[in-house]
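Working notes for the structure below.
No value in this document is a laboratory result; all are computed from the given coordinates. Not measured: the values here are computed from a predicted model. Note that each Cβ is placed from the backbone with ideal geometry, even for glycine, and that neighbours are counted across all protein chains shown.
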Amino acid sequence: MHQVKKTALQENYQELQEPSKYKVLLLNDDYTTMDFVVMVLMVVFHKSLEDAQAIMFNIHRNGKGLCGIYAFEVAETKVAQVGAMAEQHKFPLKCSLEEE
Ligand code: TYC
C-alpha cells in the first residue's frame, strides 16, 4: 500500500497526543434479566453492587448507559466479554463502544 512519509514535526505532534479513550455502553432490551446485567457490571466492569444496580436502572430507564471509559484494547475486550457472557446465557444483551 502507498504510504506518505510523515515529517519529523508530524511525528512529534502525534507522539505528544494522549491516546484516544473509548466509552463502553450497555444497551437496554426487554429480555435480559436485571440480575444478569448487575452481575455483568460487577464482573466485567468491577462495579460495587450498589453502583451496578444504579447503572442497570439508568440503562433500563434511558435505553443505554455508560459502564466505563478505557483505552481501545481494554474497551474492545470488555465488549467481547459481555458478548460472550450474554451468548452463553442466551440473553440478547448488547454492548457497544464509542470514541470519547
Ligand atoms: N430492561 C430489562 C428488564 O426489564 C433489564 C435490562 C437493563 C436489560 C439493562 C438490559 O442493559 C440492560 N428485564
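What residue, of SER20, SER48, is surrounded by fewer than 14 Cβ atoms within 10 Å (Cβ to Cβ) and in contact (Cβ under 8 Å) with a residue 60 or more places away in the chain? Break it down into steps so the answer makes sense when it comes.
Values: SER48 fails: in contact (Cβ under 8 Å) with a residue 60 or more places away in the chain.
Criteria check complete, one pass: SER20.
Quick test for you: out of VAL74, VAL4, pick the one residue that is assigned to a loop (DSSP other than H, G, I, E, B) and either more than 16 Å from the ligand (Cβ to nearest atom) or among the hydrophobic types (A, V, I, L, M, F, W, C) (or both). Walk me through it before giving the result.
Working: VAL74 fails: assigned to a loop (DSSP other than H, G, I, E, B).
Answer to the selection: VAL4.
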Report whether or not GLU15 is at negative phi, acidic (Asp, Glu) and assigned to a strand (DSSP E or B). no
From ASN58, ASN12, grab the single residue that is within 14 Å of the ligand (Cβ to nearest atom) and surrounded by 10 or more Cβ atoms within 10 Å (Cβ to Cβ). ASN58
